[in-house]
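A quick write-up on the structure given underneath.
The values are calculated or read from the model by the stated rules, or taken from the named source; none is laboratory data. All figures in this text were calculated on a predicted structure; none of them were measured in a lab. Cβ coordinates were reconstructed from backbone atoms using ideal geometry, including for glycine residues, and neighbour counts include every protein chain displayed. Protein only, heavy atoms only, side chains kept; ligands, DNA and RNA dropped before computing areas. Shrake-Rupley method; radii C 1.70, N 1.55, O 1.52, S 1.80 Å.
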Protein chains: 2
Amino acid sequence: MKKIRLAIVGCGIAARDLHYPALKALNDKFEIVAVTSRTKKHAEEFAKLVGNPEVFDTYEELLEADYIDAVDLTLPIHLNVPFAIKAVEKGKHVICEKPISTDVESAKQLLNVSKETNKVIYIAENWRHIKKFRLIKNLLKNFKEVLYFNWRIFVGMKKDNKYAKTDWRKKPQHIGGFLSDAGVHHVAAMRLIFGDIDWVTAYTKDFSDYLSGPDFISTIVEFKNGVIGNYVASYSFNEEEQFEIYGKENTLKVLKNKIFYNEKEIDFEENMGYKEEFEDFYEVILNNKENDLGNCEEAIKDLAFFEAALKSNGNKIKVDALIN
Amino acid sequence: MKKIRLAIVGCGIAARDLHYPALKALNDKFEIVAVTSRTKKHAEEFAKLVGNPEVFDTYEELLEADYIDAVDLTLPIHLNVPFAIKAVEKGKHVICEKPISTDVESAKQLLNVSKETNKVIYIAENWRHIKKFRLIKNLLKNFKEVLYFNWRIFVGMKKDNKYAKTDWRKKPQHIGGFLSDAGVHHVAAMRLIFGDIDWVTAYTKDFSDYLSGPDFISTIVEFKNGVIGNYVASYSFNEEEQFEIYGKENTLKVLKNKIFYNEKEIDFEENMGYKEEFEDFYEVILNNKENDLGNCEEAIKDLAFFEAALKSNGNKIKVDALIN
């Protein structure tokens, strides 16, 4: 099987804890051939962990290496767009961690590049690959009509949480801090289940004294198909995930990672989606699969929800108005 | 013990199922001395049930009887204000079912009358007397800070529900149909627990094909003390009551009429509040108790929430702007 020769750019939490385990499991499809990081020591430590690929001092030098097919960008969010564009200019495919950019306007630059290049630009939104959400979408096909959902995701972070401690997260250049950083996952899942979003009304709060920016959001959201919902997320206080979906006669509930369809528990296989996103990236590059799950349009729609929500201050904002 | 001689005006569901059981239990404080109803047959049947008081053909004739101290108005909502004003003009105290009126503007007429009369005008909001909500308020005093709540009240009504079948509810003259009719109870409880409301953003839906007007509402609401919440009510689909309140370290949850403080169940005495509201009415009339729970200002604040919510269409509305 042909392998994609991959360079990992940025050697932080995402590279080590999220991408590397997936790539290790997919070592028939990906070979890690190079790494680089702003801090050389991090790159060298990471290189040791992943099989001693070449360590480059700078991203620019790495991009000159002709044995690299693709770069995997796991960077502070504000670097995603310029780094992805540079890679494409040097003839590399790109897989890049979500969110696509700090804001919709800058993300559109990458969208434009993606339309002109024959290289793949793949925004790694692992939640679009989580089986739980695909199962929910399928179960909802049994509803006569989906009316309303209430999804509460409360992942309170302690002061010593590894994400809360990240330098660039402490002084975020991306809109909404944690709200959009973690939140685009939730939007990806909602859009996978219910389709595109028409409008959102949202209100944010800054409850924590150590997380930067707002750490709580409550929303009312209407989808283009008329489904109405409340999506609520907190990063300062904690609770098991609670997600309830109502039809006139049916209910679907997710509680503590169990799914109940009309109160009957439904078994499913848990997955994180990282392995699946790299497999999808592979198929898009080598087997002409459509890039329907990692394209820039989808990633922009996820981010646009938060740009709308953060502008809202309790008022209704059409999401498409920010995209078009 | 001195008894209040009470006339019941309107002999429908509220009179029969809600007020009469309370009055029977308080027969040392209240004596039902007269009844009247638009449909004489209803009045005669009701009179038999409650001990054969005098049956009047019309409300106007009833108000001329000098042996009546107070009237209990259980009427279609749009009659509350004119009937209450007539009673006061004839020197009777008034207890009147919620909501105070069809809308805030008309309710203000009664408020103005209440400021000038020495008769008691008591809006019977039984939820202000429910012990569960008082217990919740007290338990929240143990929170360092109350941050957020999510309250979902889904009381799906079948086509043959006694309230859904009421003629005046089928063609409501009051704002929002069931949303405000039942909903003012919920606002009374929220205000009892969290205090006065600053603003609301709301969106309504009409899911049912047999309930008149919108039958679903989702809101974001901020209280003057900064507490933020989602209050959601449905009259077309059904679910056990779910009410969760979060602080940084504490939670309080109401599930299926059980209360859990930090996951520990707290016992409490269930009550409907009707007996307590009549006892309070008695104390206000005879023992100079302050009318803090049944006054027109409180009832207007409950209704104003819905007037704001129904105007909102996903945008933020200050509740006080409708009151002042």
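Considering only the label points, 7 Å along Cα→Cβ from Cα, what distances in nm to one decimal separate A:D167 from the same position in each other copy, shortest first?
7.7
Given a 1.4 Å probe, show me the residues in the range B:218-249 buried by at least 30 Å² of accessible surface when comparing the whole protein assembly to the chain alone.
Hits at the 30 Å² cut-off: B:S218, B:I220, B:E222, B:I228, B:N230, B:F237, B:E239, B:Y246, B:K248.
Determine the relative contact order of the range B:251-324: mean sequence separation of Cα pairs under 8 Å and six or more apart, normalised by residue count, in whole percent. Please list the in-between numbers first.
Numbers: 41 pairs, mean separation 10.5, N = 74.
14 percent.
In vacuo Debye scattering of the range A:52-125, one point per C-alpha: log10 I(q)/I(0) at q = 0.26 Å⁻¹?
-1.28
Go ahead and estimate [θ] at 222 nm for chain A from helices alone: -39,500 (n - 2.57) per DSSP H run with n ≥ 4, summed, over the residue count, rounded to 500. Write down the numbers at each step before the final one.
Values: 13 runs with 113 residues, N = 324.
Helix-only estimate at 222 nm: -9500 deg cm²/dmol.
If I take every Cα pair under 8 Å that is 6 or more residues apart in chain B, average their sequence separation and divide by the length, what percent do I get for the relative contact order?
On the way: 670 pairs, mean separation 63.6, N = 324.
It rounds to 20 percent for chain B.
Could the peptides A:155-161, B:205-211, A:214-220, B:292-298 be put in order, highest first, of the mean number of other beta-carbon atoms found within 10 Å of their residues? Don't skip to the answer; put the middle values down first.
Numbers: A:155-161: 13.9, B:205-211: 17.1, A:214-220: 25.0, B:292-298: 19.3.
The packing order, highest mean first, is A:214-220, B:292-298, B:205-211, A:155-161.
What gaps in nm, shortest first, separate A:K264 from its twins in the other copies when you place the label 7 Å past Cα toward the beta carbon?
3.9
So if we plug the beta-carbon distance of A:M272 and A:K318 into 1/(1 + (r/R0)^6) with R0 = 35 Å, what FRET efficiency do we get, rounded to 0.05?
Numbers: r = 33 Å, r/R0 = 0.94.
Between A:M272 and A:K318 the formula returns 0.60.
Using a probe radius of 1.4 Å on heavy atoms only, what accessible surface per residue do you get for the range A:42-151? Whole Å² is fine. Present the calculation step by step, with values, prior to reporting the outcome.
On the way: 4530 Å² over 110 residues.
Here the residues of the range A:42-151 average 41 Å² of exposed surface.
Hand me the chymotrypsin sites (Phe, Trp or Tyr not before Pro) from the range B:53-93 located in a DSSP loop with no more than 12 other Cβ atoms within 10 Å, in residue order please. Could you put the intermediate results ahead of the total?
Values: sites: B:F56, B:Y59, B:Y67, B:F83; in loops: B:Y67.
Hits after loop and neighbour filter: B:Y67.
Using alpha carbons only, how many angstrom separate the centre of the range A:224-297 from the centre of the range B:278-306?
Comparing the Cα centres of the range A:224-297 and the range B:278-306, I get a distance of 48 Å.
Please say if the range A:182-324 is rounded, prolate or oblate, where rounded means a/c under 1.5 for a ≥ b ≥ c the square roots of the C-alpha gyration tensor eigenvalues, and otherwise the choice is prolate for a/b larger than b/c and oblate otherwise?
Rounded shape, in that the Cα axes give a/c under 1.5.
In Å and whole numbers, how far do the C-alpha atoms of the range A:1-116 stretch along each principal axis, longest first?
The Cα atoms of the range A:1-116 stretch 38, 31, 26 Å along their principal axes.
B:H185: accessible area at probe 1.4 Å, nearest 10 Å²?
20
Using DSSP to define loop residues, name the trypsin sites (Lys or Arg not before Pro) in the range B:232-275 whose beta-carbon has at most 14 other beta-carbon atoms within 10 Å.
When the trypsin sites (Lys or Arg not before Pro) of the range B:232-275 are filtered for loop state and at most 14 Cβ neighbours within 10 Å, B:K256 remain.
First compute the accessible area of the protein assembly as shown with a 1.4 Å probe, then give the percent of it belonging to carbon and sulfur atoms. Walk me through the numbers before you get to the answer.
Details: 12410 of 26710 Å².
The value for the protein assembly as shown is 46 percent carbon and sulfur by accessible area.
Quick check on the range A:114-201: take the gyration tensor over C-alpha atoms, sort the square-rooted eigenvalues as a ≥ b ≥ c, and tell me if it's rounded (a/c under 1.5), prolate or oblate. Write out the running numbers ahead of the final one.
Details: a/c = 2.10, a/b = 1.32, b/c = 1.59.
Oblate is the answer for the range A:114-201, as a/c is 1.5 or above yet b/c matches or exceeds a/b.
Rounded to the nearest 5, what is the percent of antiparallel bridges among the DSSP beta bridges in the protein assembly as shown? Don't skip to the answer; put the middle values down first.
Working: 66 of 122 bridges.
Counting DSSP beta bridges with both partners in the protein assembly as shown, the antiparallel share is about 55 percent.
In degrees, nearest 10, range 0 to 90: what is the angle between the Cα axis of helix B:104-116 and the longest Cα principal axis of chain B?
60
Against the longest principal axis of chain B, how steep is helix B:274-286, in degrees 0 to 90 to the nearest 10, with axes from Cα atoms?
Here the helix axis deviates by roughly 60 degrees.
In whole Å, what is the distance between the alpha-carbon centres of the range B:47-121 and the range B:176-203?
Result: 24 Å between the Cα centres.
Compute the whole-percent fraction of alpha carbon pairs in chain A spaced more than 31 Å apart.
Details: 16510 of 52326 pairs.
Distances greater than 31 Å cover 32 percent of the Cα pairs.
Can you give me the P(r) profile for the protein assembly as shown? Cα pairs, bins 10 angstrom wide beginning at 0, each as a whole percent.
Reading upward from the zero bin: 3, 15, 22, 20, 15, 11, 7, 5, 3, 1, 0.
Report, ordered by chain and residue number, the lysines lying within cross-link reach of A:K132, taken as a straight Cα distance under 20 Å and ignoring same-chain residues fewer than 8 apart.
Counting by Cα, and skipping residues close in sequence, A:K132 has these lysines nearby: A:K98, A:K141, A:K253, A:K256, A:K258, A:K264, A:K275.
Measure nothing fancy, just the Cα-based angle from helix A:40-49's long axis to the longest principal axis of chain A, in degrees from 0 to 90, nearest 10.
The helix A:40-49 is inclined about 80 degrees to chain A.
What nm distances, shortest first, do you get from the label point of A:M1 to those in the other copies when the point sits 7 angstrom along Cα to Cβ?
Going from nearest to farthest copy, the values are 8.2 nm.
For A:K86 paired with B:K2, estimate the spin-label separation in nm (one decimal), with each label point 7 Å from Cα along the Cα-to-Cβ line.
Placing both labels 7 Å along Cα→Cβ, they lie 8.8 nm apart.
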